[in-house]
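J.: There's a structure below that I have some questions on.
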Amino acid sequence: MRKPNVILRKCGEYNPDAIRGIIDDSIRDLGLTINGSVFIKPNVVSANKRYIDSSYTNPLVVEGMVGSLKDRGVRDIVIGESGGYGIPSRLFLKEAGYFDLSKKTGVPVIDLNEHAQEKIDLTKGVWHKSIQLSKYITNANFKIWMPKLKYHIFANITNALKLNIGILTHSERMLFHDYRLHEKIVDLLEAGYPDLVVTDAIDITYGFESAPYPVRLGLMLIADDPLAADVVAAYIMGYRPEEVRHLRLASERGYGSLRLEDIRIQGDADIEELRAKPKGKTRLFQFLSELDTPIRFYAGYAPDTDVICDAGCEGAVKGALGTIEKRRPGSLKKAKKGAIVTGIYKGDVIMPDGPVFLVGTCTRVEGELKAKKIYRVKGCPIGARQLFITVPLAFGIPSPMLDARDVVLFIINSVMKAASTVVNKIILRR
C-alpha cells in the first residue's frame, strides 16, 4: 500500500508570500492535481479582537493557499466554517479578519449555517448515521482542510480530524458532544475527508482551545492524508499517537496506521527538534484540579457507563473558565470558594461555606452533599455559553457576557445571520 505523505516545512513568520511558496512546493512534491471547485475549511471556532487572537487559522495562511490555487488557474474557491456553538459564525469570521481576506482575494467566505445543506448518510458512523452537510462541501471537486494545531482540553490535540466538528451546522453540532465525542469525530471523517491538509503550526496554542495562549513553533504541516497528518502532529505535541483517543479509534476503523514508520515524512523541519521545543503549559485546562483557584471540581460518570463525561459538561466548565481567565487574567485565583460537579459523582461533596454547582441534567452526588447553596444548570449536552452568567455570579468572577461591545456585536450578527439565511432560501427556491 502507498505510504501517506506528511511534509514538515520551517516557517518562522506569517508571511503570505513565503507560505504560498511552501504550499506550491508541497503540492508539487505530493504530486497533486487541483481542478474544478475547491472548498477550503479553516478553523475559526472563535475570535475576539480584544482577547482571542490565536484560536483560529491565521488568515494569512489561507491567503497563501488561495494564491497558490490561483497560480494553478483555480478560480472556483469558497472558504467556509461553522464556528463555536451559540454564536453566529459570521461574527467570529469577521473578528478573525476573514471578511477582510475575502475582500482582498475576491474569494467568498461563508457561514455554513446560512446556506443550503443536504442529508449525507454515513455507513461507518457509530453515533452519527447521517448528517446535514453544506452543498458547498458536497459539490466540491477538491477539499482542503486548514486546521490550527492546538492542545485541546479533552481531545489532547486538535488538527485535521477534530476540524470536522466545524463541518456540522449548529443544529447538529452538539449531538453526541459528550463522552461519545471521540467516536463522533471519527464518524465525521467519512463525510469530511479532505484531499489536502495544510496546518497552521507557525503558532501553536495551549489552554482552552477557543481562548488559548500562543507559542511559536515555526512550522507548516502539509499532508495528503488526514490521519497521517494528525499522527505526526500528535507526536510533535508530545503524545504517543495511540494516546489520542480519536486517532486510535480512526485507526481501528481502518483509516490508517498510527506508526510514524508507516508515514513518509519529508521537508526541512526535523520532527525530533519540533517535539523537543517548549510548548507552554501544555496541560493547562486539561485537568481542572491543577488550576490555581479555590474552586474545587468533582468529575462524575456519564449515565450507565464507567466513563467520565469529559467532552460533555466537564468540557463546558473548562471552556467557560478558560474563556473567563483569558479575558481577565487572574480571575480564577481570586474566585470565591465553592465547588462544581459534573456527571454522576459517587463520593461526597462537602462545601458548607460556599456554593456547589451541579452542571448538567444527569449530574448528581451519590454520597453526602453539603453546601451553603446548591445551584443546578440543566442541559445535555451543555454549552460553555450557558455557564457564562451563573458561574461568574456565584464565584465572583467577571462574565464575558457582560461585555457591552460583545453583546452589541452578537445582536447585530444574529440579525444579519437570520436575514442571510432567509435570502439564501429564497434564492434556492428560484
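J.: Hey, which of these cross-link pairs are over 23 Å Cα-Cα: 135/318; 281/333; 318/346? Kindly include the intermediate steps, with their values, before the conclusion.
T.: Numbers: 135/318 33 Å; 281/333 17 Å; 318/346 21 Å.
With Cα atoms farther than 23 Å apart: 135/318.
J.: Taking the Cα centre of the chain as origin, sum charge times position over the Cβ atoms of Lys and Arg (+1) and Asp and Glu (-1), and report the length of that vector in debye to the nearest 20.
T.: Values: 61 positive and 50 negative charges, 265 e Å.
In total the dipole reaches around 1280 debye.
J.: Here's a follow-up. When the chain is modelled as a GNM with alpha-carbon springs shorter than 10 Å, which of 244, 307, 45 fluctuates the most?
T.: Fluctuation is largest for 307.
J.: What does the chain give for Rg and for Dmax, in Å, if only its C-alpha atoms count?
T.: 21.4, 68
J.: Kindly rank 136-149, 285-298 from highest to lowest mean number of other beta carbons found within 10 Å of each residue.
T.: Numbers: 136-149: 21.4, 285-298: 17.1.
Output ranking for 136-149, 285-298: 136-149, 285-298.
J.: Assuming 0.890 mPa s and 25 °C, estimate D for segment 45-200 with Stokes-Einstein, Rh taken as the Kirkwood radius over Cα pairs, in µm²/s. It would help to have the intermediate numbers written out before the result.
T.: On the way: Rh = 16.1 Å.
After rounding, the answer is 153 µm²/s.
J.: Right, something else. Need one number: nm distance between label points at residue 70 and residue 14, each 7 Å from Cα along Cα→Cβ, rounded to one decimal.
T.: Here the answer is 1.9 nm between the modelled labels.
J.: Given contacts defined as C-alpha pairs under 8 Å and at least six residues apart, what's the relative contact order of the chain, whole-number percent?
T.: On the way: 942 pairs, mean separation 70.5, N = 430.
Reported as a whole number, the value is 16 percent.
J.: From the cross-link list 148/184; 41/150; 70/279; 103/148, which pairs have alpha carbons spaced over 25 Å apart? List each step's numbers first, then the result.
T.: Values: 148/184 20 Å; 41/150 16 Å; 70/279 35 Å; 103/148 22 Å.
Violating the 25 Å Cα-Cα cut-off are 70/279.
J.: Separate question: What residue among 233, 160, 302 has the largest mean-square fluctuation in a Gaussian network model of the chain, using Cα springs under 10 Å?
T.: Result for the chain, Cα springs under 10 Å: 302 fluctuates most.
J.: Say each of residue 33 and residue 281 gets a label point 7 Å from the Cα, pointing the same way as Cα to Cβ; how far apart are those two points in nm?
T.: The modelled label-to-label distance comes out at 5.2 nm.
J.: Also, I was wondering about something else. What length, rounded to one decimal in nm, is gained on full extension from residue 306 through to residue 292, with 0.36 nm per residue of separation minus their alpha-carbon distance? Walk me through the intermediate numbers first.
T.: On the way: separation 14, 0.36 × 14 = 5.04 nm, distance 2.82 nm.
Between residue 306 and residue 292, full extension yields an extra 2.2 nm.
J.: Shape verdict for segment 288-398, please, from the Cα gyration tensor: rounded (a/c under 1.5), prolate (a/b greater than b/c) or oblate.
T.: Details: a/c = 1.76, a/b = 1.28, b/c = 1.37.
Judged from the Cα gyration tensor, segment 288-398 comes out oblate (a/c at least 1.5, b/c at or above a/b).
J.: Further question: Considering the dipole of the chain built from charges on the beta carbon (Lys and Arg +1, Asp and Glu -1) around the Cα centre, which of 156, 168, 62 is farthest to its positive end?
T.: Value computed over the given set: 168.
J.: I'd like the distance between the alpha-carbon centres of segment 26-86 and segment 334-400, rounded to an integer number of Å.
T.: About 39 Å separates the Cα centre of segment 26-86 from the one of segment 334-400.
J.: How high is the FRET efficiency from residue 103 to residue 123, r the C-beta distance, R0 41 Å, rounded to 0.05?
T.: Values: r = 41 Å, r/R0 = 0.99.
Using R0 = 41 Å, I get an efficiency of 0.50.
J.: Order these peptides, 246-258, 115-127, by their mean beta-carbon neighbour count within 10 angstrom, highest first. Walk me through the intermediate numbers first.
T.: Numbers: 246-258: 18.5, 115-127: 14.1.
With the highest mean Cβ count within 10 Å placed first, the list reads 246-258, 115-127.
J.: Once the Cβ-Cβ distance between residue 262 and residue 407 is put in as r, and R0 is 30 Å, what FRET efficiency do you end up with, to the nearest 0.05?
T.: Values: r = 50 Å, r/R0 = 1.68.
So, using R0 = 30 Å, E works out to roughly 0.05.
Readers should treat all values here as calculations from the given coordinates under stated rules, not as data from a laboratory. These numbers were taken from a predicted model, which means no experiment stands behind them. Every residue, glycine as well, gets a Cβ built from its backbone with ideal geometry; the counts of neighbours run over all protein chains shown.
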